[in-house]
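Heads up: the structure comes next, in structure tokens.
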Amino acid sequence: MRVAHAAAVLAHCPYSKIQVGAALVSTTGEIFTGCNVENASFGLTICAERAAVAKAVAAGVTTFRTLAIASSQPHPLMPCGACRQVLREFATDLVIHVQGREGPRVDATLAELLPRSFGPSDLD
């Protein structure tokens, strides 16, 4: 969670003012961070989770075991639907830890957050 909180500080969030950071851990223990990057055209905003996935894939890593998400909000901010679907491409058994700046951490698996999901095997 410490790495995710550190990534959140790097967020570009002039519109929402909400900093989000992610730390994605590969099956070999490598950590890839990401932060939200907002855009005046809101639909072009990049979430922290997808930024971390993109960084990992660009480094040739596509298998993951854990994702930590931290935000500047007092409560945990769960990943959006788009992030859940992108994560599903790589890891159905991913463990996700989510924490705001205060309060308890929420732990869940991707399968719990995206039940009966569509994935690569559906295209076979």
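Computed from the coordinates by the stated procedures, all read-outs in this text should not be read as laboratory data. Just so it is clear, the structure is predicted and the values come from calculations on it, not from any experiment. Virtual Cβ from ideal backbone geometry, glycine too; neighbours counted across all protein chains shown.
Things to note:
- Estimated vicinal HN-Hα couplings, Hz - region 64-69 in sequence order (Karplus 6.51, -1.76, 1.60; Gly, Pro = x): 9, 10, 9, 9, 10, 10
- Summarising the amide proton neighbourhood of Arg101: residues at separation of 5 or more, or on other chains, whose placed amide H is nearer than 5 Å comprise Ser71, Gln73, His75.
- Between Thr28 and Ser121, the simple spin-label model (points 7 angstrom out along Cα→Cβ) gives 2.5 nm.
- With θ taken as phi - 60° and the Karplus curve 6.51 cos²θ - 1.76 cosθ + 1.60 applied, the whole-hertz 3J(HN,Hα) list for region 18-29 is 9, 8, 10, x, 9, 10, 9, 9, 6, 5, 9, x Hz, x standing for glycine and proline.
- Full extension of the chain between Thr66 and Tyr15 yields a length gain of 15.5 nm, computed as 0.36 nm times the residue separation minus the alpha carbon distance.
- Per-residue 3J(HN,Hα) values for region 38-50, derived from phi via the Karplus relation 6.51 cos²θ - 1.76 cosθ + 1.60 with θ = phi - 60°, read 7, 9, 4, 8, 3, x, 8, 4, 10, 6, 4, 5, 5 Hz in sequence order (x marks Gly and Pro).
- The residues Asp124, Asp93, when put in order of fewest to most other Cβ atoms within 10 Å, stand as Asp124, Asp93.
- Computed label-point distance, nm, for sites Phe42 and Ala111 using a 7 Å Cα→Cβ extension: 3.5 nm
- Summing charges over all other residues whose Cβ lies under 13 Å from the Cβ of Val95, with Lys and Arg as +1 and Asp and Glu as -1, gives -1.
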